[in-house]
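The values are calculated or read from the model by the stated rules, or taken from the named source; none is laboratory data. It should be emphasised that the depicted structure is a prediction, and the values quoted were computed from it without experimental measurement. Here the Cβ is made from the backbone with ideal geometry for all residues, glycine too, and neighbour counts use every protein chain on show.
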Amino acid sequence: MNTPLPQSIESPDPRSVRILWRDGHISLYPSRTLRLFCPCASCVNEWTGERTVRESDIPEEIRPTSWNLVGQYALSIGFSDGHDTGIYSFELLRALCSCPHCEQDRRQKHHQS
């Protein structure tokens, strides 16, 4: 399956990022969730894959300060805590979507495996 590309990206409020995907799907991500799942080498051990950033390390009031497309495959997000090295692939962003439709799809795939 090809991961869709974003059609638009916005921050409807200081604590979230909203992506309208070209396939019509809408994903709303809490800023704190995005920061917690940052895939960069500072947040994930490159050798073990262990997440090194902890939820307690992330301020409750964290917010996105910038975002930029990285080619046709990812989004780079800067945060109010100064962290800006994460490159979030569109595949990862779709996997992090917690809308009811995506949650149901994950449950169905889990039961099939």
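Checked against the criteria, Pro14 counts as at pLDDT below 95 and farther than 13 Å from Arg94 by Cβ. Only residues that are touching a residue at least 40 places away in the same chain (Cβ under 8 Å), among the polar types (S, T, N, Q) and surrounded by 14 or more Cβ atoms within 10 Å (Cβ to Cβ) were counted across segment 65-76, and they come to 0. Suppose we filter Ser27, Ser16, Ser56, Ser42 for residues that are of a type outside the set (Val, Ile, Thr) and in contact with a Cys (Cβ under 6 Å, 6 or more places away or on another chain); which single one remains? The unique qualifying residue is Ser27.
Within segment 99-113, the set of residues being touching a residue at least 60 places away in the same chain (Cβ under 8 Å) and not in a helix (DSSP H, G or I) comprises Cys99 only. Screening the candidates Ile77, Ile19, Ile62 for the property of being touching a helix residue (DSSP H, G or I) at 6+ places or on another chain (Cβ under 9 Å), assigned to a loop (DSSP other than H, G, I, E, B) and under 23 Å from Cys99 (Cβ atoms) yields one hit, Ile62. Residue-level check: of (1) out of contact with any Ser or Thr (no Cβ under 7 Å at 6 or more places or on another chain); (2) free of Cβ contacts under 8 Å to residues at least 60 places away in the same chain; (3) in a loop (DSSP other than H, G, I, E, B), Pro4 misses just (2). Can we say His83 is assigned to a loop (DSSP other than H, G, I, E, B) and on the phi < 0 side of the Ramachandran plot? For His83, the condition - assigned to a loop (DSSP other than H, G, I, E, B) and on the phi < 0 side of the Ramachandran plot - is met.
Leu28 satisfies every condition listed in (1) under 15 Å from Ile9 (Cα atoms); (2) in contact (Cβ under 8 Å) with a residue 24 or more places away in the chain; (3) outside any strand (DSSP E or B) except (3). With the requirement that a residue be surrounded by 10 or more Cβ atoms within 10 Å (Cβ to Cβ) and more than 21 Å from Ile26 (Cβ to Cβ), what does segment 77-113 give you? Gly78, Phe79, Ser80, Asp81, His83, Asp84, Thr85, Gly86, Ile87 - these are the residues of segment 77-113 that are surrounded by 10 or more Cβ atoms within 10 Å (Cβ to Cβ) and more than 21 Å from Ile26 (Cβ to Cβ).
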